[in-house]
1. Could you give the length gained by full extension between Phe123 and His52, i.e. 0.36 nm per residue of separation minus their alpha carbon distance, to one decimal place?
2. Using 0.36 nm per residue of separation minus the Cα-Cα distance, give me the extension gain between Lys133 and Phe97 in nm, one decimal.
3. Computed FRET efficiency, Cβ-Cβ of Val78 and Lys44, R0 25 Å: what is it to the nearest 0.05?
4. In square nanometres, what is the average projected area of the Cα convex hull of the stretch 24-137?
5. Taking the simple approach of a point 7 Å from Cα along Cα-to-Cβ for both Thr70 and Ser26, what is their distance in nm?
Amino acid sequence: MKDFNQNDIDENMEEKVGKKFESFDSYTEDDAHKVMDNQEKIEKIASNETLHKYLNDIKFYFQMLGNVFTGKYKKVPVGTIAAIVGTLLYVLSPIDFIPDFMPVVGYLDDAAMLAVCLNFTRFDVEEYKKSRKQFSA
């Protein structure tokens, strides 16, 4: 299967993904725990043919969230954290706009969510990358 790109989604799905992404205006501590507790499962899901190009980004998100949640890094806006947590919960959920069990197209909506999240969080991720040397110890 070819890599996902933005042309793989139609306007209807793009609108649904946009509305879902905008709904990630807040997150709960339970949401954060669920994401962090399921890191291995989310990374396994992301290793499939459709999402594999996002696997390194997802691993990076987990590193960033880990440093945010432990208080090692405090410069991430709540909206960015909510977007990342919401997106990772969406990837974890088998029930979404296009159910994950559908062959070939099942993960296209997850890929679209990740693409939107990466675009939305780009600035804060770059700021974290500049600072992360202090976390490698």
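1. Contour length minus Cα-Cα distance gives 23.3 nm.
2. Fully extending the segment from Lys133 to Phe97 adds 9.1 nm.
3. 0.35
4. Hull-based average projected area comes out at 6.8 nm².
5. Reported label-point gap for Thr70 and Ser26 is 2.9 nm.
Where a number appears in this text, it was derived from the coordinates with a stated rule and is not lab data. Given the structure is predicted, the values throughout are model-derived calculations rather than measurements. So basically every Cβ, Gly included, is an ideal-geometry build from the backbone, and we count neighbours across all protein chains shown.
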